[in-house]
Amino acid sequence: MDCIFCNLDDSKIILENEGARAIFDIFPVNEGHMLIVPKNHIVSYFDAREEDKKYLWKLVEECKKYLDEEYKPDGYNVGINCGEAAGQTVMHLHIHLIPRYVGDIENPRGGVRGVIPEKRIY
Ligand code: AMP
Ligand code: ZN
């Protein structure tokens, strides 16, 4: 299948388990930005089975530990774009795990509310 996340190069895999792989985002929002991707081709989070979700979230936890050690961030944003209207461009489910660092933006208040930029700060 012509899907970049179904055809990941082994050299790009940072961590993996039975059902999911983790890679670094090729256009990182911040240093250490990772994507946790199911091994099965699933388009949307809402199409995933409980078993797929179990492997995904287990790997999110492991990636968080890895990033804590390697990058020592001060916080994280965790997010999933579900559907084109929500900004999804790669139609193979992936969880963004984005390390945050004090001072990386002037006022981080609102975090993921920033999907609608003018509504982020409330
Ligand atoms: P989205 O579908 O909006 O959640 O975004 C897809 C994400 O995948 C973006 O953050 C891209 O930078 C990232 N991306 C696209 N192609 C690759 C690739 N070949 N390897 C790693 N990350 C990628
Ligand atoms: Zn795929």
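Give the distance, in whole Å, between the Cα centre of region 89-106 and the Cα centre of region 8-77. Using only Cα atoms to place each centre, the spacing works out to 11 Å. In this structure the amide hydrogen of Ala20, modeled in the peptide plane, comes within under 5 Å of the amide hydrogens of Lys39, none closer than 5 places in sequence on its chain. Put a plus charge on the Cβ of each Lys and Arg, a minus charge on the Cβ of each Asp and Glu, and nothing anywhere else: the dipole of region 50-100 about its Cα centre is then about 100 debye. Structural descriptor for the chain: relative contact order 25 percent, calculated from alpha carbon pairs under 8 angstrom and at least 6 residues apart.
Remark on Leu93: its backbone amide H falls under 5 Å from those of Ile42, Val43, Ser44, a criterion applied only to residues 5 or more positions apart or on other chains, H modelled at 1.01 Å from N.
In this structure, the amide hydrogen of Tyr76, modeled 1.01 Å from its nitrogen in the peptide plane, lies closer than 5 angstrom to those of Arg100, counting only residues at least 5 positions away or on a different chain. Relative to the dominant Cα principal axis of the chain, helix 50-71 is inclined by about 50°. Stretching Tyr101 away from Trp57 to a fully extended chain increases their span by 13.6 nm, per 0.36 nm per residue minus the current alpha-carbon distance. Surface exposure of region 10-120, expressed per residue as accessible area with a 1.4 Å probe, stands at 62 Å². Taking 7 Å steps out from each Cα toward its Cβ at Lys65 and Lys119 produces label points 3.7 nm apart.
Extending 7 Å from Cα along the Cβ direction at Leu15 and again at Val78 yields two label points whose distance is 1.1 nm. Would you mind telling me the share, in percent, of accessible area of region 20-122 contributed by carbon and sulfur at probe 1.4 angstrom? Answer for region 20-122: carbon and sulfur cover 54 percent of the accessible area.
The values are calculated or read from the model by the stated rules, or taken from the named source; none is laboratory data. As the structure is a computational prediction, the values presented were derived from the model and not from experiment. Counting neighbours? That spans all protein chains shown, and the Cβs are built from the backbone with ideal geometry, glycine included. To get the accessible areas, we keep the full protein, side chains included, count just its heavy atoms, and leave off ligands, DNA and RNA. Shrake-Rupley method; radii C 1.70, N 1.55, O 1.52, S 1.80 Å.
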